[in-house]
Structure formats: C-alpha cells, structure tokens
Amino acid sequence: MYPAPLSTPTVICPERGADRGLLDSATAGSARLPPHPAVESDQPLINPTQTLWTPLAPLTLDWRGDAPIASDCGDIFFCSEDGLAESRYVFLEGNRLSERWPAQTADQPFVIGEVGVGTALNLCLTIAEWLTYRRPGAALHYVGFERAPFRPEDMRRALGHWPEMKPVLNPLLARWPDPLPGCHRRYFPEWGLTLDLWWADAADALQDLASHGRAWIDAWYLDGFAPSREPGPWQQRLYDAMAGLSQAKATFATFTAAGEVRRGLAAAGFEAHKRPGFGSKRDCLCGIISSAGATAPAITPWDLNPAPRAPQQALVLGAGLAGAHAAFALARRGVAVMVLEAASVGSGGSSNLQGVTYTRLSHQHNPLTDFSLAGFSFATDHYEMLLGEGALMANEDIGLGGYVQLHEADEMLAHLREVLPLAPAFARTLSATEIAALTGLTPRCGGIHYLRGGWLTPQAVCRALLAHPLISLQTDCGPLSLSRGPDSGWQAVDAQGTVRAEADTVILATANATLQQPELEWLPLTSIRGQTTHLSTPPELAQLSVTLCDQGYLPPARAGLHCLGASFAPGDVGTDEREAEHAHNIDMMKTALPDLDLLAPDGGWQGHVAHRCNSNDYLPVAGPVPMLDEFNCRYERLRHDRKRVIDAPSPVLPGLAVLTSLGSRGLSAAPLAAEMVADQLMGTLPPVPRYLQRALSPARFAERALKRGEPL
C-alpha cells in the first residue's frame, strides 16, 4: 500500500490547475508485450510526415501581477506567494522523493516524467531538491512533456518571485530549447542531470515512448489545468501509456482528486489514494503502479534492440566525427571505451579545415528535415557546452554567430516568413538588403538566418571528445576487421591477424569501410568526393562574422584562411586536388556574392580533398545491426502485406551497432545519432520519436526491400 497521507500546510491558496501540460488524445496501452501472432493495429505513434511544419505556438497568457493565467480557460498556474510550497507538497512529497533519493545507486538513473512542464517550476524545484539529497555518482533523468512551451522571458517573469530558484533557472534558460516539435535533450553534468523536453502532445509522446516496450519511469508528476476547466487532456490512453512506462513501484502525484482521473489511473494499473490537498484544496491524489496490462505493438518492432544491456567494455572503430561522438556518448554514460583508428584522429571525411553546423527547413515535415532539425538543435547546444567547458577554443576551434542560407523567394520561404516569428531565437527570414547589412556582402537574393551554431574545426572536435577520461585511443592501426570472440564478444583484428582489442559491445564508425565487414556489406552506401578551397582573407571578407551558405559555404576566417566548399562527386575515389573543382568552388561563391572579386593566388588555388559517406536516402545509418537472413525470414510476410504488424523481435547481432552515412553534415548529425546508438545499445530513454529512430535504423533498408518483394 501507499504510505499514509502526509500532513498538509495550512496555507490559503486559490484553486488552480498547477503547471499546464496534459494534452489530449485517445487509446494507448502498456508496452509490456507477450509474444503473439501477427496482428493488425491502428494505434497512432508520432509521425508528422507531410503535415505542415511550424514551430509550436506558446500559450496565450494573462497576468495577475507575476502569476501567469491561461487566457483560454482562465486557470492560474500557481499561487505567486505559495506556489513553491505547493509544488513541493504535491509533487515532491507526494512521490516521497526525499526518502528515495538518498538510497539511489549510481548504476541506474532516477527517472521522473512530468506531464505538463509549464513554467518549469516543478523542474527547477526538483533540481534544487535533487542537489540536496543526491548521493555521489547518482544521476537524474527528467523527462518533461509540453505542447505549448513557455517563452523564456515568461518563465523568468513567472519564477522571478523566488530568487532562490535563480541558480537553477538561469542555466536552464540559457539552454532552453526552441519551440520546435520533437524531443530536445540537454545535459547538465554538474547536476548529474539529463533533461529531455518533449515539445508535443503528451499523450502522443508517451504512447510513442511506450511503444519501445520498456519501463523507465520511477516517479510521475501529473500536472495540468484542472479537469473541470480543460477536460480534454485527462484521457485514458495517457494513463495507459504512463503505466506501460512505469518501473515496478513507480509512483505518481497530481494536484487533482477528480473521480474520472482516479478511475482512469486505476484502470491503467495504478493504486490511487487521496491525501489532503494543499491550502484550501480539500484533496489531491498520489499512488503507485500495481499492474499494467499488455497490449499488441503498434508497429512491427524491426527497429528495436530486443536485449539491450550496459556494456562491460566497449570498442569503437574509427576516430572521426562519428567514432569520437559514439565513444563520447558511451563514456558520458559511464562506459569505458577503447577507440581504434586506422590512421589519425579526424582523418577521412572529418579532416577539412572548417565545417559548419547546418540544418534544412521545409514547409512540410519529413524524416530528412526533422532529423536535420533535431540534430542541429542538439549539436549546437553540445558544442556550446564544449566551448563553455574549455574543451574548444573560440575563434580557433569554433566560431559562433549562426549562418545565413540564401534562398530564392518561393512558397516555402513565404511560409517560413510567416511561422518563424514563433521561434525568434532559432531563425529569421532576411531580405538581400538585410543580409548585406549583416555580412557586409551583397548576396544574390534573400534567405534565412539561423541564429545558432556556426563553424568548427572537425579535428579539434574529435580531439576534445576523445580526451574524456573513460576513453582510450590507439591510432595508426591500419585496416581493421571484426570477428566473433571465443566468449561471444567481438575482436578487432588488424591486417596482420593480430587481435588489437576485445569487447562485448562494438560500434563501427568507419564510413564506407563499413562495407568491408561481411555483416554489413549489403548497406547501400556511396563514397562522395569533396574538395574544399582555402582562401586567404581578402579585405572585403575581413569583417565577415557569419557563415554564408548557398550552393557552397563560406565561413569566417580561421587563422587568416576561409575554407570554401565543396565539390560533390559521388563514386569518385580520387584523392588528387583538381583545378576544375577549385574553379567550381570559386564560381559558387561568385554566384552567391556577385560583387565579390576573388582572384587566384600565385601558384593557383590550394585546398583539401576528403571523401564523405552517404546512404541512398541521405540519412545517417545509426543503430543495431540486423542478421539479414534471419530478418528476411522473420518478417517475410511483409512481402505480401506491407501494413501487417508482425509481433516478433528483431534479430540483431548482439552488441554490434553501426554509425555511418553522415555525408557532408557530420558536425550536425553525429552528436544526436551517437546518442541514439548509445541509448539503443543500453536500453535507455531514446532522444527522438520512434519514426526518426526507424528512419535511421540500418534495418530500414532490409524492411523496404521486403516490402518491394526484393529482399536483400
């Protein structure tokens, strides 16, 4: 049974709905799945493909002093005088966190799910309390859901009543995600905190997470407007998804005591108990998970790792952007990693003098755009963290200021001009005149100014990541291959047949060389030659502080040189510099900037040649490696019924994953793709919706081939 109700403070506070955030939807279910035959299912998961892209609109607010009130329903978020005490009583005490945290061990994070982030009052208070009770080495993973994210300036105003929250609030606001749909992960290692903020309908996002079939959550904050004021959000499929995501003995707390909420939670498998409410409110609810019913999967689980585990030791092949980020993602989770590199750190496609954090927008959602945006959001925050920690040096390894993408006036640009004001810190449309004022250069047309990110030196990024104390490195190993070890682990073998390292978990991050591994020779990867041109800063570029992109890219100078790029030659394996490709790069810049006069230096243009790796759909390949023959056999019915849901676990090679096909966007794609791989290997919470995990899974090519009736 749940413990006896806690005593309530004698504070008078008007009725309120707590921080808003529960969102509407219809039937979900737990993800604890028994095997059963192939079934039909129409359970929706997040997948906005082909719907109109737009940032999320914030809630319209009225204010009573500095207390926010939702304009549409008139509900207040909290008492400006006693909101902090109310939050502590309802949510932290309701979940008995001060009792549970001191017993938290370092092997598993304590995971809190909050339905309704609102002003982030609960988040700030939870972090502050966590820092009081946290044991050394213990970790907190906080997962918040919100469909109408607060603007940072409104959060600052709403929480300014409590100056004691500033040490937590200010670092959060400095890295608060833009209101772009999806999951936004932020790390705060000084607090032992991983923060996932899902800007989405809460029921949709919870059901999407529950589809993984794993129980992650230790405690729930069920926070939203009062059911009497906004009945839509409090629906059964949300409670069912909560139950499917709950660890054994997971608890919940909510400000409401409404009968329909209590009955809905009970139907999902929670034991719900009344306790005295806060202030003038008579009752509220708390409880514990009792049981959760099993349901059929919403989709065939060909993308899931059926038996994830924490590695005893891990091995990464490749020390470019992919390998360095893969190793870093494991190391930040406490895993010791050996990195083996055939040549040197940051060689191959990661060897250019400069690269740019880059994304792409479209007027419609699609996996390529959505992953590009998600990766860009995570990467730009990730590199600013490295800069702030001193791992990267300003103007030597990294230059901020964002970048300008030239774009002719069209329907897409008109749409973006209309919707980007909802995300003013993310991007804005500019006219040619405005771009000229920003850059000091006259462009051929207007475009989009992405305010985050900038240029980086890829090799410096690799070195910074590989300096993690849990990562060891061996370079100049020559060509390497993998074989199964005597204890069902993996061995890395060099060209002389010498075993260089052994591990139970391996991530292959070797670009096109991945195809030399027999288990992955079926991947549709292509090598793409790219040549950059190094330009000594002419007077007209001396003040350039923002990267400019058109068909090519022109970053501000590093050490007096601009790295212009780049040519694009699929299938060309040549490594020689070519005058024609330098001329191509210069012509791209002259087209973008018609008034720019670039004269070849004495001796001709100089630059650098590198080879990038791309899949046939231009998305990264990131995830566990399927056993192709068994995959084809297990999911053979997809050849005859493309929409059939086959409830059978994906056959994967134990402990083997791949991270490749980053193309020309490795700086933007590698950080998030590496997070995805690490989470799939270890069975921890995913950083993206399921449709993006499937879009990057190596098994996607095998699944598509089956549906075409042409198995690989």
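The numbers here are math on the coordinates, done by the rules we state, and not lab data. None of these values were measured; they are calculated from a predicted model. Quick reminder, even Gly has a Cβ in these numbers, built from the backbone with ideal geometry, and neighbours come from all protein chains shown.
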What does the charge count around Val609 come to, taking other residues whose C-beta lies under 14 Å from its C-beta (Lys +1, Arg +1, Asp -1, Glu -1)?
-2
Would you work out the charge dipole size for the range 82-289 about its Cα centre, treating the Cβ of every Lys and Arg as +1 and the Cβ of every Asp and Glu as -1, and quote it to the nearest 20 debye?
280
Specify the inter-centroid distance of the range 245-308 and the range 334-377, based on alpha-carbon positions, in whole Å.
38
How far, in degrees from 0 to 90, does helix 579-592 lean away from the longest principal axis of the Cα atoms of the chain, to the nearest 10?
50
Find how many whole Å separate the alpha carbon centroid of the range 435-454 from the alpha carbon centroid of the range 586-635.
23
Treat every Asp and Glu Cβ in the chain as -1 and every Lys and Arg Cβ as +1, leave all other atoms uncharged, and give the resulting dipole magnitude about the Cα centre to the nearest 20 debye.
1420
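If I take every Cα pair under 8 Å that is 6 or more residues apart in the chain, average their sequence separation and divide by the length, what percent do I get for the relative contact order? Before the final figure, lay out the partial values.
Numbers: 1671 pairs, mean separation 115.6, N = 712.
Over the chain, the number comes to 16 percent.
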How much length is gained on full extension from Ala394 to Arg708, taking 0.36 nm per residue of separation minus their Cα-Cα distance?
108.1 nm
Return the distance in nm (one decimal) between the two label points of a simple spin-label model at Leu368 and Ser481, each offset 7 Å from Cα along Cα→Cβ.
3.5
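Share of antiparallel DSSP beta bridges in the range 139-213, in percent to the nearest 5?
50
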Could you tell me how many degrees, from 0 to 90 and to the nearest 10, lie between the Cα long axis of helix 121-133 and the main elongation axis, the longest principal axis, of the Cα atoms of the chain?
90
Simple spin-label model, 7 Å along Cα-to-Cβ: Leu599 to Gln474 in nm?
5.4
When the helices in the chain are scored as -39500 (n - 2.57) per DSSP H run of 4 or longer and the sum is shared across all residues, what 222 nm value do you end up with, to the nearest 500 deg cm²/dmol?
-7500 deg cm²/dmol
What lysines does Lys249 reach when the alpha-carbon gap must be under 24 Å and sequence neighbours fewer than 8 apart in one chain are set aside?
Lys274
Tally Lys and Arg at +1 and Asp and Glu at -1 over the other residues with C-beta under 11 Å from the C-beta of Pro308: what net charge comes out?
+1
Work out, step by step, the length gained on full extension between Arg282 and Asp66: first 0.36 nm times the residue separation, then minus their alpha carbon distance; give nm to one decimal.
75.2 nm
Once you put a point 7 Å from the Cα of Asp641 and another 7 Å from the Cα of Val499, both along the Cβ direction, what distance in nm separates them?
4.6
Positive dipole terminus of the chain, leading residue within Ala250, Thr433, Leu662 (C-beta point charges)
Ala250
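Run the numbers for Asp629 and Ala467: contour at 0.36 nm per residue of separation, minus the present Cα-Cα distance, in nm. Intermediate results must be reported in sequence, preceding the final value.
Numbers: separation 162, 0.36 × 162 = 58.32 nm, distance 3.94 nm.
Extra length from Asp629 to Ala467 when fully extended: 54.4 nm.
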Can you spot the aspartates and glutamates whose alpha carbon is less than 19 Å from Lys643's alpha carbon? Ignore those fewer than 8 places along the same chain.
Glu40, Asp42, Asp208, Asp303, Glu703, Glu710
Let me check I've understood the local charge: for Pro55, count other residues with C-beta under 14 angstrom from its C-beta, Lys and Arg +1, Asp and Glu -1. What total comes out?
+1
